[in-house]
Each structure stands twice: as C-alpha cells, then as structure tokens.
Amino acid sequence: MNSTEFGGIGMTSQRTRERLIQRLKEQGIGNQRVLDVMRVTPRHLFLDEALSHRAYEDTALPIGYGQTLSQPYVVALMTEILLSQGPRQKVLEIGTGSGYQTTILAQLVGQVYSVERIKPLLDKARDRLRKLGLRNVRLAHSDGGFGYSDNAPYDAILSAAAPHEVPEELLHQLAPDGILVIPVGPGDVQELRVITRVGDSSNFEERIAEQVRFVPLLSGVTR
Ligand code: SAH
C-alpha cells in the first residue's frame with residue numbers, strides 16, 4: 001500500500017494530525033513507519049460525522065453498539081509491538097470495529113484478516129476500506145474468540161477486545177516465531193500481553209507491556 005494514496009483526504013486537519021503524532025512520540029512510540037502511517041491515515045473517516053471533529057484527540061471514541069474506536073496511542077503501541085521482531089506477512093485482527101486499526105495494519109504488513117462479531121460494524125468498516133482502496137484486507141463476520149482457522153497460521157495476531165484468559169486457539173494459530181498481542185483480564189483495565197511462539201515449538205514466551213482499557217471479548221455473533 002502506498003501511503004500517498006491517503007494524502008489527499010482531509011488535508012484541512014493536517015496540523016491537528018501532526019499534533020497527535022507529536023504526542024505519540026512523546027509517549028514513547030519510536031517506530032517511524034508506524035508514525036508515518038498514522039500521520040497519513042484519516043481517522044475522522046472512521047467516526048460518525050458528529051464526532052469527527054474529535055478524531056485527532058488521543059482518546060477512544062464511541063462507534064455505536066457499545067463499542068469504541070481504539071485510542072491512537074494504543075493502536076500505535078500494539079502495532080509497534082507487533083512489528084518489533086521484524087516484518088510480518090500474514091496478520092489476524094480480532095475486533096474490526098471501525099476498521100481504523102485494520103487500516104493501519106494493512107499499510108505495514110502483507111495481508112490482514114480481520115474478524116468482527118457485530119454485522120453492522122463490519123459492513124461499515126468494509127465500506128470504508130473499499131473507499132480507501134485497501135486491497136490486502138479480508139473481513140469476516142465471525143467470533144474471533146476461536147481465532148479464525150480458515151487462514152491460519154498467522155505471523156501475528158492482534159486482539160482489540162479483552163478475554164478473561166488467553167484463548168488456546170489463538171496460540172495454536174500462530175506460525176513459528178509468531179506473535180500475539182492481546183489485552184487480558186476481566187476488569188475495566190487489563191494487562192496488554194505479548195506472547196511469542198518460540199520457533200516452531202509449542203513453547204511460548206510472555207511479557208506484559210502495560211495496562212490498557214479495552215472492551216470485553218464477547219462470544220457469538222450478532223446480525
Ligand atoms: N480496533 C477497533 C476496535 C474496536 S473495539 C477500532 O479501532 O475501531 C473492539 C471490537 O471487538 C468491537 O467492535 C467488538 O464488537 C469486537 N469484538 C468483541 N468480541 C469479539 C469476538 N469474539 N469476535 C470478534 N470481534 C469481537
């Protein structure tokens with residue numbers, strides 16, 4: 001994906017966008033490619049018009065159905081972690097939501113598969129991705145609590161919704177040296193866990209990156 005394709009959209013907010021990028025840097029985001037992609041990605045297109053003027057604030061915002069567009073800092077952090085051990089070809093995202101994180105990922109990895117359990121959110125996200133001309137994204141209406149076995153294994157899995165425990169299936173769907181970035185915990189605040197498969201073994205290394213706030217991973221799908 002050539003990031004300049006996004007350049008023409010929403011030029012009016014260029015200064016506000018730059019402020020957001022500055023803020024991400026101050027908070028410790030150091031991956032230049034991630035910062036560049038976040039700079040050119042029009043976050044306002046992922047919100048209803050009534051909220052679009054707040055698109056470049058570093059905050060999570062409502063997208064309907066009780067769900068939120070993730071905070072830019074958290075999107076940047078998770079993406080940076082996902083890329084921290086080298087480039088990734090095939091990536092699964094759980095919880096498409098607005099499609100914003102999907103759009104960021106699609107510009108930085110080979111192919112993104114993204115699953116969402118709420119059909120109307122998925123449909124809106126699909127429209128946006130089409131308008132942006134993203135060609136390396138496949139969306140599916142599916143419960144990501146079991147991963148998405150259709151295209152497994154994945155070089156990386158990123159979950160935008162928090163389960164109480166790490167679902168075993170996600171570990172099974174990691175390719176050798178694959179990485180899973182996932183918020184875990186039952187409360188309002190969860191641990192952002194980073195789990196790496198060691199080579200092609202069934203051993204995993206795990207660390208906690210920081211405390212984060214995500215919506216819960218729910219089971220089943222809704223129309
Ligand atoms: N990255 C998205 C975040 C959306 S919030 C964005 O920035 O817009 C997390 C999303 O995960 C919600 O849309 C929610 O419906 C979805 N979700 C929750 N549990 C899920 C599950 N089991 N399978 C798929 N999606 C799920």
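Rule-based calculations on the coordinates, nothing more; no lab input. Worth saying up front: this structure is predicted, and the values here are computed from it rather than measured. Note that each Cβ is placed from the backbone with ideal geometry, even for glycine, and that neighbours are counted across all protein chains shown.
For the reader, a short list of remarks on this structure follows.
- Degrees, to the nearest 10: 119-132 long Cα axis against longest axis of the chain: 60
- Paramagnetic label zone (point 7 Å from Cα along Cα-to-C-beta, Ser202; backbone N under 17 Å) in segment 147-176: 153, 167-176
- For segment 10-212, the residue among Leu134, Leu174, Leu158 whose Cα projects farthest onto the positive side of the dipole built from Cβ charges is Leu134.
- Fraction of C-alpha pairs exceeding 23 angstrom in the chain: 42 percent, rounded to a whole number.
- Taking amide H positions as modeled 1.01 Å from N, with prolines and chain starts lacking one, the residues under 5 Å from Glu93 and 5 or more places away or on another chain are Tyr113, Ser114, Val115, Leu158.
- Charge tally in the Cβ shell below 11 Å around Arg88, where Lys, Arg are +1 and Asp, Glu are -1, Arg88 excluded: -1
- Over segment 84-223, Cα pairs under 8 Å with separation of 6+ residues give a relative contact order of 22 percent.
- Karplus-derived HN-Hα couplings along segment 19-30 (A = 6.51, B = -1.76, C = 1.60, θ = phi - 60°), whole Hz, x at Gly and Pro: 4, 5, 4, 4, 5, 4, 4, 4, 7, x, 6, x
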